[in-house]
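Enquirer: Here's a structure for you.
The values are calculated or read from the model by the stated rules, or taken from the named source; none is laboratory data. These numbers were taken from a predicted model, which means no experiment stands behind them. For neighbour counting, all protein chains shown are included, and Cβ atoms are generated from backbone atoms with ideal geometry for every residue, glycine included. Accessible surface is based on the protein model in full, side chains and every heavy atom, while ligands, DNA and RNA are left aside. Shrake-Rupley method; radii C 1.70, N 1.55, O 1.52, S 1.80 Å.
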Amino acid sequence: MNILVSACLLGMNCRYDGSHNYCPELEKLMEEHILIPVCPERRGGLDTPREPAERQGDRIIARDGTDVTDAYIRGAQEALRLAKEYDCRYAIFKERSPSCGAGVIYDGNFSHTRVPGDGMTTQLLRANGIIVLGESQISALLHK
């Protein structure tokens, strides 16, 4: 099965700070499935590195106050396009991200406070029937 995956979890240096969140647990998943990397922020036109951003309601605001919502919307739409093109029923995304967070994100005040919620891409994928899991839930897709 094809699974959409946050590119940073596969070791691509696309995080806001220019680093990655390599997740070795994905190696087991690669033995059974095809992983399709995507970084919605980069797909939406944002550079790496970039200012960190957090979700504030329906907007995504960078720490310097810049509204980057439009780039996040473009990135979410591009991720959905990829998911449909590759017939991905599942996605594994970076937890707490304003784009990819699944179930928990930061509160929008840059205080490192976690609150219930989804990132913009996760919200769009779920609205289109795609099951989005965070990286701590990878084992749920093993042997599926």
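Enquirer: For segment 23-36, which positions are open to solvent by 90 Å² or more (accessible area, probe 1.4 Å) and in contact (Cβ under 8 Å) with a residue 24 or more places away in the chain?
Expert: E25, K28, I34
Enquirer: Among R81, R63, R59, R74, which is the only one that is over 21 Å from N21 (Cα atoms) and in contact with a Pro (Cβ under 9 Å, 6 or more places away or on another chain)?
Expert: Result of the check over R81, R63, R59, R74: R74.
Enquirer: Also, quick follow-up: Scan segment 116-131 residue by residue and report those that are free of Cβ contacts under 8 Å to residues at least 24 places away in the same chain, touching a strand residue (DSSP E or B) at 6+ places or on another chain (Cβ under 9 Å) and open to solvent by 50 Å² or more (accessible area, probe 1.4 Å).
Expert: Of everything in segment 116-131, those that are free of Cβ contacts under 8 Å to residues at least 24 places away in the same chain, touching a strand residue (DSSP E or B) at 6+ places or on another chain (Cβ under 9 Å) and open to solvent by 50 Å² or more (accessible area, probe 1.4 Å) turn out to be P116, R126.
Enquirer: Scan segment 51-73 for residues that are touching a residue at least 12 places away in the same chain (Cβ under 8 Å), basic (K, R) and under 15 Å from G101 (Cα atoms) and report the count.
Expert: Number of matching residues: 1.
Enquirer: Which one is most open to solvent (accessible area, probe 1.4 Å), of the residues in segment 9-22 that are in contact with a strand residue (DSSP E or B) (Cβ under 8 Å, 6 or more places away or on another chain) and of a type in the set (A, V, I, L, M, F, W, C)?
Expert: Filtering first and then ranking leaves M12.
Enquirer: Within segment 93-110, is there a residue that is without any contact (Cβ under 8 Å) to a residue 60 or more places away in the chain, among the polar types (S, T, N, Q), assigned to a loop (DSSP other than H, G, I, E, B) and buried (at least 16 other Cβ atoms within 10 Å of the Cβ)?
Expert: Taking every residue of segment 93-110 in turn, at least one turns out to be without any contact (Cβ under 8 Å) to a residue 60 or more places away in the chain, among the polar types (S, T, N, Q), assigned to a loop (DSSP other than H, G, I, E, B) and buried (at least 16 other Cβ atoms within 10 Å of the Cβ).
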